[in-house]
Amino acid sequence: MATYKLYYFNARGRAEVLRLLFAAAGQRFEDSRFEQNTWPSFKSQMPLSQVPVLEVNGTTLVQSQTIARFLARQFLLGGRDGFELAKVEAVVDTINDFVSILSPIRREQDEKKKKEQLQKFLNDDLPKHLQNLEILARLYGNGGQYFIGNNLTLADLTFYDAGETLLQLDPNCLNNHPWLKQNRLLVASQPRIAEYLRNRPKTAF
Amino acid sequence: MSIYKLHYFNFRGRGELSRLVFAAAGQTFEDIRYERNEWPSNKSKMPLGQMPVLEFNGTQLPQSIPVARFLAKQFQLAGKDNLEQAKVDAVVDTIADLIVKYSPARWEPDETKKKALLKKIFAEDLDKHLQDLDVLRKLYGDGGPFFVGNHLTLADLYFYNTGQNLLQMDENSLNNYPWLKQNREEVEKQPKIAEYIKNRPEMPY
């Protein structure tokens, strides 16, 4: 009987996809959330001084994407075989390609610079990445509404979470991408996920 | 006619990790290498217009790390079970963080700028990630020369290749990390890998 304890800030950030995995699987876990002022006293207890960290049966796992893939495999949300798992990971990496461009922009302190960089991202970078996701969905999705095969996987949960951030920045950014919009609606309508989304703490990011 | 075909440029870059996995496993594959001038006419054949791409039983898989991870799993080089695979992944993700840090310097075309960037990055930024790797091998490595458990995994192969790039940029970069140096030597003396390194085209990157 595995026990799971997740450490992160009281925010969605790099942990929300992990919480979505627990929710989709109906798996209980300890959702330990730091506030900004309590974090410094816990920081040194984390192996790489970073979060999220997952404690599972006495082992400490680090790196958000590693934890996501681990939980996906544990909960059978990683595709049905090794090659399907690789397809899931390819989609996840393609999503992270644009998330990693966006992260420094969101941290930019100068408001004017931030606005410009964001516009450039939305106009010049994002469309290509969304098209790439649509290409992979066509290649791996068997004509259905999930990214891989005909089942919910980590790929769909990762896009759901990244999409939430995108839509916060520009509510229209998925208007030309109906399949991606529909995919997010399908994820949100899964009963366990719908319940989780209804009840989770509301945080700014 | 191999079930594995790897498409990449005729240099190490993002393809070498997969080549090292094939080599460590003693697995034959079609090592399809493109010269730069051949790329424009082949770009549209790749799902995301990028390489490496693995063709496995006729299906294309993009994204260098998912490809390498899939191959490692096929050949029992990814960790013995789900938890060990997560430990290997955590090291791989930490190496990826390191690469993100040095890449701007590595690819800076202006020689003067490059020199300055390299100096700064090696003095200030890289130590965190190298120390993190040391933390993880202590946490996951069972006291041996390999990152996880007591056997060669994808983590060691990835650090082997990345270490080569680090030493190219600064030959002293691993002086404070004797375990990391030793780990690379351990990888290098595996017979199948020694053979592969002896015979592969010598490439600057």
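The values are calculated or read from the model by the stated rules, or taken from the named source; none is laboratory data. On a predicted model such as this, the values are computed, not experimentally measured, just so you know. In this analysis, Cβ positions are derived from the backbone assuming ideal geometry, glycine residues included, and neighbour counts consider all displayed protein chains. Just so you know, the surface numbers come from the protein's heavy atoms only, side chains and all, with ligands and any DNA or RNA stripped out. Shrake-Rupley method; radii C 1.70, N 1.55, O 1.52, S 1.80 Å.
Give the calculated FRET efficiency between B:Asp110 and B:Ser41 to the nearest 0.05, with a Förster radius of 35 Å applied to their Cβ-Cβ distance.
Numbers: r = 30 Å, r/R0 = 0.87.
Efficiency computed from Cβ-Cβ geometry: 0.70.
I need to check one value: relative contact order of the range B:82-189, counting alpha carbon pairs closer than 8 Å and at least 6 residues apart, in percent.
28
Looking at the range A:1-66, which GluC sites (Glu not before Pro) are DSSP coil and have at most 16 other C-beta atoms within 10 Å of their C-beta?
On the way: sites: A:Glu16, A:Glu30, A:Glu35, A:Glu55; in loops: A:Glu35.
Of the GluC sites (Glu not before Pro), the ones in loops of the range A:1-66 whose Cβ has at most 16 other Cβ atoms within 10 Å are A:Glu35.
DSSP loop trypsin sites (Lys or Arg not before Pro) in the range B:117-205 with at most 14 other Cβ atoms within 10 Å of their Cβ, which ones? Intermediate values should be presented prior to the final figure.
On the way: sites: B:Lys119, B:Lys120, B:Lys128, B:Arg137, B:Lys138, B:Lys181, B:Arg184, B:Lys189, B:Lys192, B:Lys198; in loops: B:Lys189.
Taking the range B:117-205 and a limit of 14 other Cβ atoms within 10 Å, the loop trypsin sites (Lys or Arg not before Pro) found are B:Lys189.
Taking each residue in A:124-132, count the Cβ atoms of any other chain within 10 Å of its Cβ, then average. What number comes out?
Numbers: counts 0, 0, 0, 0, 2, 1, 0, 1, 5.
Per-residue shielding by partner chains comes out at 1.
Give the aspartates and glutamates whose C-alpha is closer than 13 Å to that of B:Lys128, dropping any in the same chain fewer than 8 places away, or say none.
Within the straight-line cut-off, B:Lys128 pairs with B:Asp97.
For the range B:33-160, what ratio Rg/Rh do Cα atoms give with a Kirkwood hydrodynamic radius? Show your work: numbers first, answer last.
Numbers: Rg = 17.6 Å, Rh = 16.8 Å.
On the Cα set of the range B:33-160, Rg over Rh gives 1.05.
Using Cα pairs under 8 angstrom and six or more residues apart, how large is the relative contact order of chain A, in percent?
Details: 229 pairs, mean separation 45.8, N = 205.
Answer for chain A is 22 percent.
Buried accessible area for the B:A pair, summed, 1.4 Å probe, in Å² rounded to 100? Each step should come with its number before you reach the end.
On the way: alone 10720 and 11130 Å², together 19330 Å².
That pair hides around 2500 Å² of surface in total.
Heavy-atom accessible area per residue, the protein assembly as shown, 1.4 Å probe: how many Å²?
Numbers: 19330 Å² over 410 residues.
Accessible surface, normalised per residue, equals 47 Å².
Subtracting the Cα-Cα distance from 0.36 nm times the residue separation, let me have the gained length for A:Arg106 to A:Asn10 in nm, one decimal. All intermediate terms of the calculation are to be shown ahead of the outcome.
On the way: separation 96, 0.36 × 96 = 34.56 nm, distance 1.80 nm.
Length gained between A:Arg106 and A:Asn10: 32.8 nm.
Give me the distance between the Cα centres of the range B:135-164 and the range B:68-111, rounded to whole Å.
Result: 11 Å between the Cα centres.
Any idea what the relative contact order of the range A:75-184 is, in percent, if you count C-alpha pairs under 8 Å spaced at least 6 apart?
Working: 94 pairs, mean separation 33.2, N = 110.
Relative contact order, the range A:75-184: 30 percent.
For chain B, set up a GNM with springs between Cα atoms under 10 Å and report which of B:Ala155, B:Ala116, B:Ala72 has the largest fluctuation.
B:Ala116
If the elastic network links every pair of Cα atoms under 10 Å, which of B:Arg106, B:Arg14, B:Arg36 fluctuates the most in the Gaussian network model of chain B?
B:Arg36
Averaged over peptide B:74-82, how many Cβ atoms belonging to another chain are found within 10 Å of each residue's Cβ? Present the calculation step by step, with values, prior to reporting the outcome.
On the way: counts 3, 0, 0, 0, 1, 0, 0, 1, 7.
Rounded to a whole number, the mean comes out at 1.
Using DSSP to define loop residues, name the trypsin sites (Lys or Arg not before Pro) in the range A:26-68 whose beta-carbon has at most 14 other beta-carbon atoms within 10 Å.
Working: sites: A:Arg28, A:Arg33, A:Lys43; in loops: A:Arg28.
Sparse-neighbourhood loop trypsin sites (Lys or Arg not before Pro): A:Arg28.
Ratio of alpha-carbon Rg to the 2.2 N^0.38 Å globular estimate for the range A:2-94, to two decimals, please. Each step should come with its number before you reach the end.
Numbers: Rg = 13.7 Å, N = 93, 2.2 N^0.38 = 12.3 Å.
Dividing the Cα radius of gyration by 2.2 N^0.38 Å gives 1.11.
Lys/Arg Cβ at +1, Asp/Glu Cβ at -1, dipole of chain A taken about the Cα centre: which of A:Phe121, A:Leu54, A:Asn132 is farthest positive-ward?
The one lying farthest along the dipole's positive direction is A:Leu54.
For chain A, modelled as a Gaussian network with Cα springs under 10 Å, which listed residue fluctuates most, A:Leu102, A:Leu154, A:Leu85?
A:Leu102
What whole number of Å gives the distance from the Cα centroid of the range A:25-92 to the Cα centroid of the range B:36-64?
31
Assign one of three labels to the protein assembly as shown, namely rounded, prolate or oblate, based on the Cα gyration tensor with a ≥ b ≥ c the square roots of its eigenvalues; rounded applies when a/c is under 1.5, prolate when it is not and a/b is larger than b/c, and oblate otherwise.
Verdict is rounded for the protein assembly as shown.
Quick check: from the Cα gyration tensor, does chain A come out rounded (a/c under 1.5), prolate or oblate? Don't skip to the answer; put the middle values down first.
Working: a/c = 1.74, a/b = 1.10, b/c = 1.58.
Judged from the Cα gyration tensor, chain A comes out oblate (a/c at least 1.5, b/c at or above a/b).
Which longest run of chain B has no exposed loop site in it, a site being GluC sites (Glu not before Pro) in a DSSP loop with at most 10 other beta carbons within 10 Å, and the site itself not part of the run? Show your work: numbers first, answer last.
On the way: sites that count: B:Glu35, B:Glu171, B:Glu202.
Formally, the longest exposed-site-free interval is B:36-170.
Rounded to a whole number, what % of the accessible area of the range B:54-200 do carbon and sulfur atoms account for, probe 1.4 Å?
On the way: 3240 of 6570 Å².
The computed percentage sits at 49.
Taking 0.36 nm per intervening residue step and subtracting the Cα-Cα distance, what contour gain separates A:Leu185 from A:Asn37 on full extension?
Working: separation 148, 0.36 × 148 = 53.28 nm, distance 3.58 nm.
Stretched out fully, the A:Leu185 to A:Asn37 stretch lengthens by 49.7 nm.
Along Cα→Cβ, 7 Å out, is where each label goes; now give me the distance between the ones at A:Asn151 and A:Glu84 in nm to one decimal.
Placing both labels 7 Å along Cα→Cβ, they lie 0.4 nm apart.
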